[in-house]
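Everything below concerns the one structure shown next.
The values are calculated or read from the model by the stated rules, or taken from the named source; none is laboratory data. Quick caveat, the model's predicted, so the values are computed rather than measured. Heads up, the Cβs are rebuilt from the backbone with ideal geometry, glycines too, and the neighbour counts pull from every protein chain shown. The area values use the complete protein model at the heavy-atom level, side chains included, leaving out ligands, DNA and RNA. Shrake-Rupley method; radii C 1.70, N 1.55, O 1.52, S 1.80 Å.
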Amino acid sequence: MAIESQNVTDYPNYNTIFMVWKLNDHPQLKSVFQQLCALVLNLNNSVFNRFPDSRASCVMGIGSEAWKKLELPTPFPKELAGFQEIKGEKHTAVSTPGDLHFHLRADNNSICFDMAVEISKLLSPVAESILEIHGFKYWDARSILGFVDGTENPHGDDRDFFAKIGDEDLTYKGGSYLFVQKYLHNMNAWKSLSTEQQEKVIGRSKDNDIEMSDDQKPSNSHIALANIEGENGEELKIVRDNMPFGSPSANEFGTYFIAYASTFSTVNKMLMNMFVGNPPGNYDRILDFSTAVTGTLFFVPTRNMLDDFSG
C-alpha cells in the first residue's frame with residue numbers, strides 16, 4: 001500500500017487555527033482517540049470534496065507522553081521525546097506540555113472554525129484545551145514585525161525531502177516531526193528601531209525581502225543564525241508554516257512558529273544557534289523583541305497510521 005502523508009507540505013493559507021490539548025485519565029480515552037483518528041481523516045476528505053479550491057486541511061500531531069498513554073506502537077519514532085529546554089545566557093527556548101496538536105488551514109475561516117468545533121466536541125470529555133491560536137495571512141505573507149516570513153522554505157520535491165521521514169526510520173516513513181512555539185513580540189521596542197536597524201536584526205531588506213550580502217549581514221541577525229548547514233556543508237531545511245496572530249486591544253502581537261521536519265535534530269540545531277548562539281553568546285538578535293512562551297515537539301503519523309489507529 002502506498003504511503004499517504006498528512007498535509008505537512010501544504011503552503012500557508014489565509015486562515016489557520018492551532019490547538020493544543022492535554023489528555024486526561026479517562027476510561028474512554030482510547031475509544032475517543034480511535035474516533036478522533038477517523039474524524040481527522042473524514043474532515044480532510046470532506047473539505048477536499050466540498051471545497052476543492054480552498055486548500056483546506058487538518059493535520060494532527062501526537063506528543064511523546066500521549067504516545068505512551070495511548071499505548072501506540074513501539075519502538076517510538078526515533079526522535080520523539082519531550083522537548084528539552086534550551087537556555088542561553090539571555091534567552092530561553094522553554095519546554096511546555098502538549099499531547100495533541102491540530103493545525104487547521106483554509107482560505108475561508110468558516111472551514112477552520114467548523115473543523116475546530118468537531119474536534120473540540122469529540123475531545124472535550126476526555127481532554128483539556130490548553131492553547132488555541134487563530135492565525136491569519138498578513139499582507140504578502142509578512143509577520144507582525146513587518147518582514148516577509150518563510151522566504152527560506154524549500155519548494156517542489158525538496159519540501160517532501162526536508163519535511164517527511166525517509167528510509168532512515170522505515171517504520172515511520174512518511175511521517176514528520178512537528179515543533180511549535182508561540183512567540184510574543186514587544187512591538188513598542190521593535191517600532192523604536194529605524195528600518196535600517198530592523199533590517200540588521202533580520203538580515204533582509206524590509207520592503208523587497210532581499211537578503212543582505214555576507215559582508216553586510218550581522219553575525220547575530222536572524223537569517224545568519226536560523227539558516228544552518230550539516231557537518232559536510234550540506235544545506236539543512238525545515239518546512240515552516242508560521243502565522244501571525246494578535247489582539248490589538250490587549251496589546252498582544254505574536255507569531256506562531258510551526259516547523260515540519262524529517263528529523264528534529266535539524267530544528268534543535270537551529271534553536272541552539274538562536275538561543276545559545278554561534279559562537280555561544282552570539283544569540284539571535286530577534287529574541288530581544290520576541291519571547292518564546294511555549295515549546296512542544298510532536299510526531300505527525302501518516303494517514304495510513306491514522307487509519308490503523310482508528311480501529
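Determine if segment 274-290 includes at least one residue that is of a type outside the set (D, E, K, R), surrounded by 15 or more Cβ atoms within 10 Å (Cβ to Cβ) and closer than 23 Å to residue 21 by Cβ. The answer is no, given that none of the residues of segment 274-290 is of a type outside the set (D, E, K, R), surrounded by 15 or more Cβ atoms within 10 Å (Cβ to Cβ) and closer than 23 Å to residue 21 by Cβ. Filtered by the rule that a residue be surrounded by 13 or more Cβ atoms within 10 Å (Cβ to Cβ), closer than 19 Å to residue 6 by Cα and of a type in the set (Asp, Glu), segment 161-202 gives a lone residue, 169. Scanning segment 230-251 for residues that are touching a helix residue (DSSP H, G or I) at 6+ places or on another chain (Cβ under 7 Å) and open to solvent by less than 40 Å² (accessible area, probe 1.4 Å) returns 237, 238, 239. Among residues of segment 273-295 that are over 16 Å from residue 184 (Cβ atoms) and without any contact (Cβ under 8 Å) to a residue 60 or more places away in the chain, those with a Cβ under 7 angstrom from a residue that is buried (at least 21 other Cβ atoms within 10 Å of the Cβ) and not charged (D, E, K, R), sequence gap 6+ or separate chain, pair up as 273/225; 278/225. Select from segment 119-165 the residues that are among the hydrophobic types (A, V, I, L, M, F, W, C) and in a strand (DSSP E or B) and list them in ascending order. Those that are among the hydrophobic types (A, V, I, L, M, F, W, C) and in a strand (DSSP E or B): 127, 130, 131, 133, 136, 148.
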